[in-house]
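The values are calculated or read from the model by the stated rules, or taken from the named source; none is laboratory data. Just so it is clear, the structure is predicted and the values come from calculations on it, not from any experiment. Glycine gets a Cβ as well: all are built from the backbone with ideal geometry, and neighbour counts include every protein chain shown. Remember, those area values only see protein heavy atoms, side chains included, never the ligands or the DNA or RNA. Shrake-Rupley method; radii C 1.70, N 1.55, O 1.52, S 1.80 Å.
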Number of protein chains: 2
Amino acid sequence: MYQKKIPLTLECGLHLFMQVMNGKWKISLIWSIYNGIARPGEIHRKLSDASRRVLDTQLNQLVDHGLLLKKVYDQRPLKVEYELTELGKSLIPVIKSTARWGEENRAVLEKKILPNGG
Amino acid sequence: MYQKKIPLTLECGLHLFMQVMNGKWKISLIWSIYNGIARPGEIHRKLSDASRRVLDTQLNQLVDHGLLLKKVYDQRPLKVEYELTELGKSLIPVIKSTARWGEENRAVLEKKILPNGG
DNA sequence: TTTGATACGGATAAATTTAGCCCTACTTGT
DNA sequence: ACAAGTAGGGCTAAATTTATCCGTATCAAA
């Protein structure tokens with residue numbers, strides 16, 4: 001983790017959200033775990049476009065930020081499972097409403113965002 | 001603007017949101033304009049922590065993404081004003097609910113996010 | 001004892017974003 | 001003529017994030 005040289009001030013609550021959600025795969029990770037795909041191996045297989053290393057790093061960040069809890073089962077073979085903390089769960093409605101906005105405007109947004117969409 | 005080498009799939013509406021909001025100062029820009037601080041000079045002065053160059057770039061991206069409209073008045077001296085498009089306005093409730101989440105969890109989030117907050 | 005599954009992290013390269021510097025052009029006021 | 005305000009972009013450096021590579025360890029099964 002790095003500190004920004006010119007830090008984002010956190011005066012606005014939205015910045016706090018962006019701060020913890022900042023990371024290419026974090027939404028996918030949260031969503032995946034919310035939907036029960038919670039073990040590292042499963043997650044890696046599901047998000048196979050991402051490098052394992054980055055997923056691990058971002059999972060750690062989500063744990064550090066208090067959104068995920070990492071459960072290490074004391075059993076052999078080793079088993080690890082992530083779950084949402086209360087803070088993480090409280091994010092779900094926010095994610096949903098934000099996702100809804102995206103869906104409602106998908107047509108226009110894709111045109112704008114995608115390379116060929118100019 | 002760059003294309004990601006490993007592009008984020010946009011299957012989830014939240015990704016669309018993150019895509020257009022991705023940029024260190026974009027939320028501040030949207031918020032500023034929503035609150036009537038809409039001229040480049042004003043914006044630069046208000047967000048004086050950010051480099052003018054980056055603010056300009058991100059304003060352009062917001063225009064490209066259809067969230068802002070740039071109005072150039074045909075008058076001397078030159079006057080420019082940004083305003084939210086319908087798409088941009090539709091983002092306001094989303095931003096607000098997201099900001100609310102941040103505020104409600106500010107105490108715990110700041111502890112987690114800030115460097116000294118371990 | 002080799003293969004493959006589980007899981008994790010250091011070190012470094014590549015990609016991307018942000019910041020800084022310098023330049024243009026027009027207009028108003030000194 | 002010169003300074004200061006309006007607005008804006010090219011270019012490059014610095015910072016940050018993401019990706020790749022390689023190595024660790026344990027356990028089960030062949």
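Applying the Karplus parametrisation 6.51 cos²θ - 1.76 cosθ + 1.60 with θ = phi - 60° to the phi angles of segment B:94-110, what ³J(HN,Hα) value in whole Hz is obtained for each residue in order, glycine and proline being reported as x?
5, 4, 5, 5, 5, 5, 4, 4, x, 5, 4, 10, 4, 4, 5, 5, 4
Excluding A:K79 itself, calculate the net charge of residues whose Cβ lies under 11 Å from the Cβ of A:K79, where each Lys or Arg counts +1 and each Asp or Glu counts -1.
+1
Give the relative contact order (percent, whole number) for segment B:47-118; include only Cα pairs under 8 Å separated by 6+ residues. Kindly include the intermediate steps, with their values, before the conclusion.
Numbers: 42 pairs, mean separation 12.4, N = 72.
Reported relative contact order: 17 percent.
Search the structure for amide H atoms under 5 Å from the amide H of A:S51, placed 1.01 Å from N in the peptide plane, and list their residues when 5 or more places away or on another chain.
Close amide H contacts, sequence-distant or interchain: none at all.
Placing a label point 7 Å from Cα toward Cβ, how far apart in nm is A:R52 from its equivalents in the other copies, listed shortest first to one decimal?
Distances between equivalent label points, in nm: 5.0.
Note down the net charge around A:L47, summing +1 for each Lys or Arg and -1 for each Asp or Glu among other residues with Cβ under 13 Å from its Cβ. The partial results should precede the final answer.
On the way: positive: A:K24, A:K26, A:R39, A:R45, A:K46, A:R52, A:R53; negative: A:E42, A:D49, A:D56, B:E11.
That sum, taken over residues with Cβ under 13 Å, equals +3.
For n ≥ 4 DSSP H runs only, could you compute -39500 (n - 2.57) per run for chain A, divide by its residues and tell me the 222 nm figure to the nearest 500? Write down the numbers at each step before the final one.
Numbers: 6 runs with 65 residues, N = 118.
Only helices count here, giving -16500 deg cm²/dmol.
In the full protein assembly as shown, how much of B:W25 is accessible to a 1.4 Å probe, in Å² to the nearest 10?
Surface open to solvent at B:W25 totals about 20 Å².
Stick to the Cα atoms of chain A, pair each with every other, and give me the Kirkwood hydrodynamic radius in Å at one decimal.
16.0 Å
Per-residue Cβ counts within 10 Å, from other chains only, averaged over B:46-54: what number is that?
1
Report ³J(HN,Hα) in whole Hz for each residue of segment A:11-17, in order, from the Karplus equation J = 6.51 cos²θ - 1.76 cosθ + 1.60 where θ = phi - 60°; Gly and Pro get x.
The phi angles translate into 5, 9, x, 5, 5, 4, 4 Hz.
Where the label is 7 Å out from Cα toward Cβ, how close does B:K79 come to the same position in every other copy, in nm, shortest first?
Those separations, rounded to one decimal, come out as 6.9 nm.
On the protein heavy atoms, probe 1.4 angstrom, tell me the percent of accessible surface of chain B carried by carbon and sulfur.
Here carbon and sulfur together make up 52 percent of the probe-accessible area.
So if R0 is 41 Å, what FRET efficiency would B:R52 and A:K79 give, r being the distance between their Cβ atoms, rounded to the nearest 0.05? Display every interim value, and only then the final one.
Working: r = 52 Å, r/R0 = 1.28.
Working from the Cβ atoms, E equals 0.20.
Mind ranking A:R39, A:R76, A:R52 by accessible surface for me, highest first, 1.4 Å probe?
Largest accessible area first, the residues go A:R76, A:R52, A:R39.
At B:K96, label 7 Å along Cα→Cβ: distances to the other copies, nm, ascending?
2.0
What translational D, rounded to a whole number of µm²/s, comes out for the protein assembly as shown from Stokes-Einstein when the hydrodynamic radius is the Kirkwood one over Cα pairs, at 4 °C and 1.567 mPa s? Walk me through the numbers before you get to the answer.
Numbers: Rh = 19.1 Å.
Answer from the Stokes-Einstein relation: 68 µm²/s.
As a test of the definition: with a 1.4 Å probe, what buried accessible area, both sides summed, do you compute for B against A, in Å² to the nearest 100?
Rounded to the nearest hundred, the buried surface is 4200 Å².
What does the extension gain come out to for B:K96 and B:N35, with contour length at 0.36 nm per residue minus their alpha carbon separation?
Working it through step by step, the gained length comes to 20.7 nm.
Let me confirm one metric for peptide B:24-36, namely the mean number of other chain beta-carbon atoms within 10 Å of its residues' beta-carbons.
Taking the mean over all residues of the peptide, I get 2.
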